[in-house]
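Visitor: Questions regarding the structure given below will be posed in turn.
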Amino acid sequence: MNHRIGTGLLLLSILFPAACGVGEGDQAMSQPGEKIRVMLLDGQMIYDGHKWAETSPVFAAILASAGRFDVEVVTSPERGRPNDDFCPAFSDYDVIVANYEGDPWPQKTMDAFEQYMRDGGGLVVIHAADNAFPDWPAWNEMIGFGGWGGRDEQSGPMIWWDDGKIKYDESPGPGGYHGANADWPVTVRDPDHPIMKGLPTVWLHCCDELYSKMRGPGQNMHVLATGRQSPDQKGTGRDEICLFTVTWGDGRIFHTTMGHDVRSISCVGFITTLQRGTEWAATGKVMRTEVPDDFPTAETTSTRDMTIPASPPENN
Ligand code: ZN
């Protein structure tokens, strides 16, 4: 089933914001009835197959189509360029959606982000964003687990789902692996959580990588769903955690390991959980939990047409 969304989307793109917002005090939280303020943070990906400039407009369209978010895109300096002045005003937003894997941030920016989260900020981690910042301890605590970037047993145990609970495997080896880009089943592990409410117990996720052998501190993780790829899809055959939450300080984190490219983020299962997860990270609630008519089933994938129309010519 195809629906076209994203027409008329107006995005404010901010380059090189200067103010960290450190010490400004009150976290500016949106009031009931107001839209949730989202910073979609992008600008770098280490692996060229992760095309942030293609996926960010789709993430923005997904959130805009839910009708309860105001999305601003904040783009970092290019990889390898000076980023000493890169310090977004995190506290102006209810939630930061990370579509970034690249150069470490300046200390003042890391400090400001930690303060924002400690004070009750929200963070959404999508796919390769959990490859970022392997040497930033607070980031790794916030994301629960990550992959690649030189991660190994020093980064924490390998973490997956086994026998109804989180499995922590202390064996040595590199962190981060995925099988073939393919369709695979997602199984809900907490049907009562607001992000998962009403969704089918199992649905078939479209055309994505399933991250596995992920490593990290893994503290304060709450597992929402797992995915499984069989060895004939080059998978581990294990239940890999693909949707979960983390609490850090007073902050809330929603982490989806799904979302390799525009095709996989067009899955209605991805779209629905990103919308709900972003709202939950921002507010701790999900106001509307109706299930879209085109939600995938256990046997059938379902995607929407997420093609973003080109901007109209300025002098037309
Ligand atoms: Zn990927």
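Visitor: Select from GLY80, GLY156, GLY120 the residue whose mean-square fluctuation is largest in a Gaussian network model of the chain (Cα-Cα springs shorter than 10 Å).
Guide: In the Gaussian network model the winner is GLY80.
Visitor: Note down the net charge around LEU63, summing +1 for each Lys or Arg and -1 for each Asp or Glu among other residues with Cβ under 13 Å from its Cβ.
Guide: Spelling it out: positives minus negatives among the neighbours equals 0.
Visitor: Turning to a different aspect of this structure: Picking from GLN154, GLN219, GLN107, which is most flexible by a Gaussian network model of the chain using Cα springs under 10 Å?
Guide: Result for the chain, Cα springs under 10 Å: GLN107 fluctuates most.
Visitor: Further question on the same structure: Which far-off residues, 5 or more places away or on another chain, put their amide H under 5 Å from the one on CYS242, with H placed in the peptide plane?
Guide: ALA225, THR226, GLY227
Visitor: What number, in percent, do you get for the relative contact order of region 2-283 if the mean sequence gap of Cα pairs under 8 Å and at least 6 apart is divided by its residue count?
Guide: Across region 2-283, relative contact order equals 19 percent.
Visitor: Continuing with this model, one more query. Considering the options MET39, PRO157, LEU274, tell which one lies farthest towards the positive end of the dipole of the chain, charges being +1 on Lys and Arg and -1 on Asp and Glu at the Cβ, about the Cα centre.
Guide: Farthest towards the positive end: LEU274.
Visitor: If I model a spin label as a point 7 Å beyond the Cα along the Cα-Cβ vector, how far apart are those points for ASP92 and LYS108 in nm?
Guide: Roughly 1.6 nm, to one decimal.
Visitor: Arranged by the count of other C-beta atoms within 10 angstrom, fewest first, what order do TYR168, TYR47 take?
Guide: TYR47, TYR168
Visitor: Exactly which GluC sites (Glu not before Pro) in region 113-205 are in a DSSP loop and have at most 16 other Cβ atoms within 10 Å?
Guide: Those satisfying the criteria are GLU170.
Visitor: In nm, what is the difference between 0.36 nm times the number of residues separating ILE46 and ILE308 and their Cα-Cα distance?
Guide: 91.9 nm
Visitor: Could you work out how far apart the two model spin labels at ASP119 and VAL202 are, taking each label as a point 7 Å from the Cα in the direction of the beta carbon, and quote it in nm?
Guide: Computed distance between label sites ASP119 and VAL202 equals 4.7 nm.
Visitor: Given all pairs of different Cα atoms, what value in angstroms does the Kirkwood hydrodynamic radius of the chain take?
Guide: Result for the chain stands at 19.6 Å.
Visitor: Also: Can you give the extra length, in nm with one decimal, that the chain gains between SER65 and TRP136 once fully stretched, where that is 0.36 nm per residue apart less the Cα-Cα distance?
Guide: Gain in length upon complete extension: 22.2 nm.
Visitor: Just report the Cα centroid separation between region 192-215 and region 217-273, whole Å.
Guide: A separation of 6 Å, based on Cα centres.
Visitor: For every helix of n ≥ 4 consecutive DSSP H residues, a contribution of -39,500 (n - 2.57) applies; sum these over the chain, divide by its total residues, and give [θ] at 222 nm rounded to the nearest 500 deg cm²/dmol.
Guide: -5000 deg cm²/dmol
Visitor: Quick one: of the DSSP bridges fully inside the chain, what percent are antiparallel, nearest 5?
Guide: Taking every DSSP beta bridge within the chain, about 55 percent pair in antiparallel fashion.
Visitor: How high is the FRET efficiency between ASN181 and ASP293 when r is their beta carbon distance and R₀ equals 22 Å, given to the nearest 0.05?
Guide: About 0.25, to the nearest 0.05.
Visitor: Give me the mean projected area, in nm² to one decimal, of the convex hull enclosing the Cα positions of region 31-147.
Guide: The directionally averaged projection comes out at 7.3 nm².
Visitor: Taking only pairs that are 8 or more places apart or on different chains, how many Lys pairs in the chain have Cα atoms under 19 angstrom apart?
Guide: Lysine pairs meeting both conditions in the chain amount to 5.
No value in this document is a laboratory result; all are computed from the given coordinates. No experiment lies behind these values; they were computed from the predicted model shown. Note: ideal-geometry Cβ built from the backbone for every residue, glycine included; neighbour counts use all protein chains shown.
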